Amino acid sequence: MLADITFGQFFPGNSVIHRLDPRIKLILTFAYILLIFLPDNWVGLAAAVVFLGISVMLSRIPLKPVLKGLKPVIPLLIFTSLINMFYVDGTPLFSFWIVTVTREGVFTALFISVRILSLIAAGSLLTYTTSPTTLTDALERVLSPLKLLHISVHEIAMMMTIALRFIPTLIEETDKIMAAQKARGADLESGNVLQRVRALIPILVPLFISSFRRAYELATAMECRCYHGGDGRTRMKQLHLCGRDYVALGCMAAFVALLIVSNIYVPAMI
Amino acid sequence: MNIIRAEQIRFQYDGEEHPESAVVLDGIDLTVPKGQFVALLGHNGCGKSTLAKHFNALLLPLGGRVYIKDIPTDDEDKRYDVRSTVGMVLQNPDNQLVSTIVEEDVAFGPENLGVAPDEIRKRVDDALRAVGMYEYRDHAAHKLSGGQKQRVAIAGVLAMQPECIVLDEPTAMLDPRGRREVMETICRLNREQGITIVLITHYMEEAVLADRVVVMDDGKIVLDGTPRTVFSQVDTLRQNELDVPQPTELCHLLRRAGVAVPEDVLTVDECVDVLSALLL
């Protein structure tokens, strides 16, 4: 069950997207996630979706797990869509009982849904095509100016690397503990919300204990391998910007320009 | 030349947590010459893991001293020299891999040592080839089998170019196949690259492969010699809650029953030879 979670996973590959400089990828993804909230008309929104679609196609990652990764968001989408449809004022489309659905409401719901989906898909694309270590490496370099403010960028990046490394291990362990508790008659699937949350306690307690044990052992292993923080550390993989990185930046610039132009000239829908 | 030289080391953990077994190491003297394959045996709680942690300065002795190639382990400036000379592989392969991707994990050690990028690349490739995991270099570590993970962990240590590797029950959590893979790797590294091996194990058939077997009990060394001399002392081993290899045990029982078989039979093949010589 838990093995279905694909968010944050990495699909090794050799596509253009995989080979982009991780710093560029990181910056572009963040730019995209912010920009997705800019368009107020269908041209801009379509451009954003197409831009993302092309990126996904270029990455040549298997589509099935990607779509599966979007599945958990659906309840959230439905919830926000409904709220928006009922609460946004504007031209009423139809109404029943005490609720009125407006034209603007429907559009807002649509826009928000597309935005949330694109946002998650963009974030996923970044982690699917960038190995976690490369990603945290990039993060460390992009954020390195923060060192001047006495923020321990290397330590944060190392924590992220380790967290990502242990997600699959802990998921596997959770599955095992759940099976063990079920074998002893634990009931995890019935009852109201409160009962279900309480049923999780015998799963979380052993999981926490074993995580601490793992953390202790990992710390020992890291010490054995001479880890002593970020000072004097070198990297096997060096990062160099090359042609494709500038092309990617260019594409992004063109995309931004398109968004701005469409926002000015195409009538706003929301 | 000696890689490890322990002189009269004494150690005990702080009282609160371990009140009953206060003294863990009680005056251990041990030297390991370069290129030797030593198996360290003893029942649970005899202090063998604690001893192993003294070999790369994870723990410092309270009395006595440990020298790694004549560097005392309590010399703080040389700590990373000690740790890169004596690499350590732990029991649980899951808890010693730092990175998600195999080759990035192997690179972790040399990166910490500040090795130049090109040199790291070379060391990582060599280390992965040495343990037979080169084809898996861009795989996700968590998807490998236990034996493969443990070989990656060994490669991670190898990439620091150690002269000695201490393995603390590296096969305890593996299935028979993984155990065989890891043991073959260890033996090959010892034979072909002349790396000194200190192997802590519960499996007697693994100890048989070593050049030398050291048996510990209650913080002291009780037996020290070749596998043949150590395992022929079946009764002493039994007193220390240890098994002997099955062929040795069979011959021991036969001797007791009055059959004239030698005491120092170690492997199945030897046992077969001895028995068929008797029967034919």
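The values are calculated or read from the model by the stated rules, or taken from the named source; none is laboratory data. Please read all numbers here as calculations on a predicted model, not as lab measurements. Here the Cβ positions follow ideal geometry from the backbone for every residue, glycine too, while neighbour counts run over all protein chains shown.
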**Item:** Total residues in the range B:157-187, condition under 14 Å from residue B:128 (Cα atoms) and among the polar types (S, T, N, Q)
**Value:** 2
**Asked** Going by the conditions given, is residue A:81 closer than 17 Å to residue A:123 by Cα and polar (S, T, N, Q)?
**Response** no
**Prompt:** Just a yes or no: is a residue in the range B:28-50 within 20 Å of the chain's Cα centre (by Cα), within 14 Å of chain A (Cβ to nearest Cβ) and under 29 Å from residue A:236 (Cα atoms)?
**Reply:** no
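Which of the strands (runs of 3 or more DSSP E) contained wholly in the range B:19-77 include at least 3 residues that are farther than 26 Å from residue B:188 by Cα? Don't jump to the end; show me each part of the working.
Details: elements: B:23-33, B:37-41, B:63-68.
Correct list: B:23-33, B:63-68.
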**Prompt:** Can residue A:191 be described as surrounded by fewer than 17 Cβ atoms within 10 Å (Cβ to Cβ), more than 14 Å from chain B (Cβ to nearest Cβ) and at pLDDT 90 or above?
**Reply:** no
**Failed item in (1) over 30 Å from residue B:122 (Cα atoms); (2) in a loop (DSSP other than H, G, I, E, B); (3) free of Cβ contacts under 8 Å to residues at least 40 places away in the same chain; (4) not polar (S, T, N, Q), with residue A:268 passing the rest** = (3)
**Request:** Name, by its number, the condition in (1) part of a strand (DSSP E or B); (2) more than 14 Å from chain A (Cβ to nearest Cβ) that does not hold for residue B:166.
**Result:** (2)
**Request:** Consider residue A:169 carefully, then state whether it is in a helix (DSSP H, G or I), hydroxyl-bearing (Ser, Thr, Tyr), outside the structural domain of residue A:233 (by TED's automatic domain parsing) and within 29 Å of residue A:229 (Cβ to Cβ).
**Result:** no
**Fill in**
Pairs returned, first residue in the range B:254-280 that is surrounded by fewer than 14 Cβ atoms within 10 Å (Cβ to Cβ), second residue that is among the small types (Gly, Ala, Ser), beta-carbon separation under 9 angstrom, 6 or more apart or interchain, are B:262/B:232; B:278/B:260
**Residue in the range A:123-133 that is touching a Phe, Trp or Tyr at 6+ places or on another chain (Cβ under 8 Å), within 26 Å of residue A:252 (Cβ to Cβ) and modelled with pLDDT of 90 or more present** = no
**Prompt:** Out of all the residues in the range A:115-125, which are crowded, with 21+ Cβ neighbours inside 10 Å and not small (Gly, Ala, Ser)?
**Reply:** A:125
**Fill in**
Result of the Cβ filter at 6 Å on the range B:89-100, keeping first residues that are small (Gly, Ala, Ser) and assigned to a loop (DSSP other than H, G, I, E, B) and partners that are crowded, with 24+ Cβ neighbours inside 10 Å and modelled with pLDDT of 90 or more, at least 6 apart or interchain, is B:99/B:105
**Prompt:** So is residue A:141 part of a helix (DSSP H, G or I), in contact (Cβ under 8 Å) with a residue 40 or more places away in the chain, basic (Lys, Arg) and closer than 21 Å to residue A:241 by Cβ or not?
**Reply:** yes
**Request:** Test residue B:265 against the criterion of being part of a loop (DSSP other than H, G, I, E, B) and among the hydrophobic types (A, V, I, L, M, F, W, C), and give yes or no.
**Result:** yes
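Taking the range B:98-129, which residues are more than 7 Å from chain A (Cβ to nearest Cβ) and surrounded by fewer than 23 Cβ atoms within 10 Å (Cβ to Cβ)?
First, the residues of the range B:98-129 that are more than 7 Å from chain A (Cβ to nearest Cβ): B:102-103, B:105-106, B:110, B:118-119, B:122-123, B:125-129.
Across the range B:98-129, the qualifying residues are B:118, B:119, B:122, B:123, B:125, B:126, B:129.
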**Fill in**
Those residues of the range A:81-114 that are buried (at least 17 other Cβ atoms within 10 Å of the Cβ) and either in a helix (DSSP H, G or I) or on the phi > 0 side of the Ramachandran plot (or both) come to a total of 14
**Complete:** Residue count, the range B:146-163, condition small (Gly, Ala, Ser) and within 12 Å of chain A (Cβ to nearest Cβ), comes to 4
**Prompt:** Which of the following residues is at pLDDT 90 or above, out of contact with any Cys (no Cβ under 8 Å at 6 or more places or on another chain) and in a loop (DSSP other than H, G, I, E, B): B:115, B:82?
**Reply:** B:115
**Residue list for the range A:158-181, restricted to those being farther than 17 Å from residue A:134 by Cβ, touching a helix residue (DSSP H, G or I) at 6+ places or on another chain (Cβ under 9 Å), more than 9 Å from every other protein chain (Cβ to nearest Cβ) and among the hydrophobic types (A, V, I, L, M, F, W, C)** = A:170, A:171, A:177, A:178, A:180
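Condition (residue is within 12 Å of chain A (Cβ to nearest Cβ), part of a loop (DSSP other than H, G, I, E, B), among the basic types (Lys, Arg) and surrounded by fewer than 21 Cβ atoms within 10 Å (Cβ to Cβ)) applied to the range B:137-145: is it met by at least one residue?
Start the filter on the range B:137-145 by keeping residues that are within 12 Å of chain A (Cβ to nearest Cβ), which leaves B:137-144.
Filter once more, keeping what is part of a loop (DSSP other than H, G, I, E, B): B:137-139, B:144.
Next, from what is left, pick out any that are among the basic types (Lys, Arg): B:137.
Cutting the leftovers down to surrounded by fewer than 21 Cβ atoms within 10 Å (Cβ to Cβ) gives us B:137.
Within the range B:137-145, one or more residues are within 12 Å of chain A (Cβ to nearest Cβ), part of a loop (DSSP other than H, G, I, E, B), among the basic types (Lys, Arg) and surrounded by fewer than 21 Cβ atoms within 10 Å (Cβ to Cβ).
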**Asked** So which of A:212, A:208 is within 14 Å of chain B (Cβ to nearest Cβ), exposed (fewer than 11 other Cβ atoms within 10 Å of the Cβ) and part of a helix (DSSP H, G or I)?
**Response** A:212
